[in-house]
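Have a look at the structure below before the remarks.
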Amino acid sequence: MAKARRGRKRPPPTGDPDPGGSAREHWRADGQPKTRFDHQDDANRSSLRLRLEEGADLDPYRCSFCGGWHLGNRQE
Ligand SMILES: [Zn+2]
């Protein structure tokens with residue numbers, strides 16, 4: 001009687017940060033950590049500068065992974 005193992009469902013590890021989950025806001029798509037700002041003011045200033053210089057539409061957001069601030073694409 002062979003056991004049919006379908007799928008690769010494993011219970012999520014407890015205590016580990018979920019890759020692609022909660023820590024996703026901290027990492028860029030290429031695997032590098034995003035630029036971190038200690039204060040929202042710094043993130044705001046950088047966001048404004050990028051908007052003026054590059055036309056980038058980035059919003060500062062609080063990162064729950066590192067506790068700092070990052071800039072991300074506005075997605076609405
Ligand atoms: Zn972070």
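Where a number appears in this text, it was derived from the coordinates with a stated rule and is not lab data. These figures come from a predicted structure and were not determined experimentally. Here the Cβ positions follow ideal geometry from the backbone for every residue, glycine too, while neighbour counts run over all protein chains shown.
Taking the stated definitions as given, is residue 38 surrounded by 14 or more Cβ atoms within 10 Å (Cβ to Cβ), without any contact (Cβ under 8 Å) to a residue 60 or more places away in the chain, out of contact with any helix residue (DSSP H, G or I) (no Cβ under 8 Å at 6 or more places or on another chain) and among the acidic types (Asp, Glu)? Before the answer, list the steps.
Numbers: surrounded by 14 or more Cβ atoms within 10 Å (Cβ to Cβ): no; without any contact (Cβ under 8 Å) to a residue 60 or more places away in the chain: yes; out of contact with any helix residue (DSSP H, G or I) (no Cβ under 8 Å at 6 or more places or on another chain): yes; among the acidic types (Asp, Glu): yes.
Judged against the criteria, residue 38 is not a match.
If I ask for residues that are within 22 Å of residue 23 (Cβ to Cβ) and away from the ligand (no atom under 16 Å from the Cβ), which ones from the stretch 46-76 would you list?
Within the stretch 46-76, 74, 75 meet the criteria.
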